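**Student:** Submitted below is the structure of interest, expressed as structure tokens.
The values are calculated or read from the model by the stated rules, or taken from the named source; none is laboratory data. These numbers were taken from a predicted model, which means no experiment stands behind them. Neighbour counts run over all protein chains shown; Cβ positions are idealised from the backbone, glycine included. Just so you know, the surface numbers come from the protein's heavy atoms only, side chains and all, with ligands and any DNA or RNA stripped out. Shrake-Rupley method; radii C 1.70, N 1.55, O 1.52, S 1.80 Å.
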Amino acid sequence: MDKVDVIIGKNSWLKFENYKKKYHKILVVVDSKITNLYPQYLGTLLEGTNYVKFLITEPEKEKNLSTIEELTIKALGFNLTRYDCLLAIGGGAIGDLAAFFSSIYKRGIDFYNFPTTLIAQVDSAIGGKTALNFQGYKNQLGSFYLPRGIFVDPQVLKSLEDDDFYGGLGEVAKYALLEKEFYDWLIKNLDLVLEKDLVILEKVIEKSIKIKEKYVKGDIKDTKGQRIALNLGHTLGHLIENQHPDYLNHGLSVLVGLDFALYLSYKLQILNKSSYLQKKFLINKLLKVVGEFNITNYHYLLNKVVTDKKVKGENLQFVAIGEKGFKVITLDYQQFENLILEYSGDFNDRN
Ligand SMILES: NC(=O)c1ccc[n+]([C@@H]2O[C@H](COP(=O)([O-])OP(=O)(O)OC[C@H]3O[C@@H](n4cnc5c(N)ncnc54)[C@H](O)[C@@H]3O)[C@@H](O)[C@H]2O)c1
């Protein structure tokens with residue numbers, strides 16, 4: 001794996017100072033919320049550089065091919081060469097989009113990521129996956145492309161909306177279900193996490209990144225089956241993400257997906273009752289922000305599962321939760337559908 005500098009901590013963005021001298025020009029793909037919330041911080045970051053900004057106002061909606069075209073026009077108009085670089089400053093959608101563009105512009109330019117949501121800091125910025133949505137289907141286009149550097153500053157998480165913060169905790173909970181030691185630590189520190197204590201958040205980020213790196217290392221192109229663990233919670237999660245009528249974001253959809261994965265693992269006797277209840281404690285706490293939600297509203301989306309990358313032939317590869325870490329099982333669609341319908345009743349009874 002190429003070396004990626006991952007710099008975590010308060011004001012870590014400003015360490016870009018040591019990198020920016022190498023480049024004549026910088027294309028900055030930035031969330032408009034960040035330019036409004038942190039103008040001085042951005043000003044210091046870009047001080048002394050020759051840059052243009054490309055603003056994104058609705059990240060998930062703009063993570064598509066037409067934005068790639070607009071970015072190309074902007075970059076060519078600025079005479080951005082293959083020796084220049086691109087900075088992504090925003091959440092996971094901007095990171096995915098900007099990384100994809102960096103991977104194809106002039107056959108690849110240097111890319112730096114400044115993730116500003118919890119999901120981006122603990123998950124999407126790490127591992128080199130880039131993605132675009134296509135005609136309503138998530139992440140259908142993409143490539144593998146590693147950034148030169150990732151600058152993670154937990155301070156910017158203070159301004160996240162609750163849904164985005166808890167959504168990020170959805171991916172954190174995924175790591176906790178994969179690694180018992182992290183689960184125990186997280187439960188002990190959960191109150192501080194929920195208060196957004198900066199010292200604890202920094203630890204959450206460091207520990208999460210370590211876990212993600214462990215699964216990514218040696219399988220950067222996702223061909224050896226090692227990264228599949230990271231799909232925990234994503235099979236159902238991807239089906240319900242951003243769909244009418246609830247429009248749950250990625251992380252909150254993953255939280256529901258994790259809850260389902262726990263249910264399924266218990267029902268199929270992969271997990272015993274006491275482990276199931278213990279693990280469910282964390283998910284229940286985080287799911288509080290989801291409120292009313294009826295999975296049967298999404299039943300018609302089950303056919304989307306056939307477009308999912310976890311599908312092999314007629315069956316579905318599902319990441320279940322075992323007593324000691326994850327377990328990949330094979331389900332046929334009918335079994336999957338029946339389990340979702342059963343789970344739906346259970347989900348609505350959870351309070
Ligand atoms: N590449 C990967 O490995 C990977 C992994 C997980 C998720 N993802 C992708 O990441 C995306 C989800 O990530 P996300 O939730 O960060 O998406 P996002 O970029 O849409 O950000 C979510 C919201 O937070 C706002 N925001 C960003 N930073 C903020 C800040 N500091 N303060 C206040 N508001 C802020 C954004 O404007 C947006 O409204 C999805 O597209 C998903 O597919 C990719």
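**Student:** Looking at the structure I just gave you, is TYR175 buried (at least 17 other Cβ atoms within 10 Å of the Cβ), over 14 Å from the mean Cα position of the chain (by Cα) and at pLDDT 95 or above?
**Tutor:** In short, no.
**Student:** Filter region 68-93 for residues that are over 19 Å from PHE16 (Cα atoms) and within 16 Å of the ligand (Cβ to nearest atom) and give the result.
**Tutor:** ILE68, LEU71, GLY92, ALA93
**Student:** Of everything in region 111-150 that's part of a strand (DSSP E or B) and more than 13 Å from the ligand (Cβ to nearest atom), which residue is farthest from LEU45 (Cα to Cα)?
**Tutor:** Restricting to residues being part of a strand (DSSP E or B) and more than 13 Å from the ligand (Cβ to nearest atom), the top hit is GLY149.
**Student:** Further question: For region 43-54, give me each residue that is farther than 15 Å from LYS15 by Cβ and surrounded by 13 or more Cβ atoms within 10 Å (Cβ to Cβ).
**Tutor:** Matches in region 43-54: TYR51, VAL52, LYS53, PHE54.
**Student:** I need the full set of residues from region 1-18 which are assigned to a helix (DSSP H, G or I), out of contact with any helix residue (DSSP H, G or I) (no Cβ under 8 Å at 6 or more places or on another chain) and surrounded by fewer than 18 Cβ atoms within 10 Å (Cβ to Cβ), in order please.
**Tutor:** Passing the criteria: LYS15, GLU17, ASN18.
**Student:** Let me ask something additional. Output the helices (runs of 4 or more DSSP H) that fall wholly within region 24-77 and possess 1 or more residues being farther than 25 Å from HIS250 by Cβ and without any contact (Cβ under 8 Å) to a residue 24 or more places away in the chain, or say none.
**Tutor:** Hits in region 24-77: 39-46, 65-77.
**Student:** Quick check, is GLY108 at pLDDT 95 or above and more than 9 Å from the ligand (Cβ to nearest atom)?
**Tutor:** Answer is yes for this residue.
**Student:** May I ask you to list the residues in region 183-219 that are touching a Phe, Trp or Tyr at 6+ places or on another chain (Cβ under 6 Å) and open to solvent by less than 50 Å² (accessible area, probe 1.4 Å)?
**Tutor:** Matches in region 183-219: SER208, ILE211.
**Student:** Restricting region 152-195 to residues that are more than 13 Å from the ligand (Cβ to nearest atom) and outside any helix (DSSP H, G or I), which is nearest to LYS324 (Cα to Cα)?
**Tutor:** Of everything passing the filter in region 152-195, GLU179 is nearest to LYS324 (Cα to Cα).
**Student:** Name the residues in region 243-260 that are in contact with a Leu (Cβ under 6 Å, 6 or more places away or on another chain) and away from the ligand (no atom under 16 Å from the Cβ), would you?
**Tutor:** If the condition is that a residue be in contact with a Leu (Cβ under 6 Å, 6 or more places away or on another chain) and away from the ligand (no atom under 16 Å from the Cβ), then PHE260 is the only one that fits.
**Student:** Please indicate, with yes or no, whether at least one residue in region 304-326 is in a strand (DSSP E or B), at pLDDT below 65, hydrophobic (A, V, I, L, M, F, W, C) and surrounded by 14 or more Cβ atoms within 10 Å (Cβ to Cβ).
**Tutor:** yes
**Student:** State all residues of region 261-297 that are open to solvent by 50 Å² or more (accessible area, probe 1.4 Å) and more than 27 Å from ASN242 (Cβ to Cβ); if no residue qualifies, say none.
**Tutor:** Once the filter is applied, which keeps residues that are open to solvent by 50 Å² or more (accessible area, probe 1.4 Å) and more than 27 Å from ASN242 (Cβ to Cβ), region 261-297 yields TYR266, LYS267, LEU268, GLN269, ASN272, LYS273, SER274, LEU277, GLN278, PHE281.
**Student:** Here are the criteria: (1) touching a strand residue (DSSP E or B) at 6+ places or on another chain (Cβ under 9 Å); (2) under 15 Å from ALA88 (Cα atoms). Tell me which single one TYR41 does not satisfy.
**Tutor:** Failing condition for TYR41: (1).
**Student:** Could we say that LEU65 is of a type in the set (A, V, I, L, M, F, W, C), open to solvent by 60 Å² or more (accessible area, probe 1.4 Å) and at pLDDT 95 or above here?
**Tutor:** Considered against the rule, which asks whether it is of a type in the set (A, V, I, L, M, F, W, C), open to solvent by 60 Å² or more (accessible area, probe 1.4 Å) and at pLDDT 95 or above, LEU65 comes out as yes.
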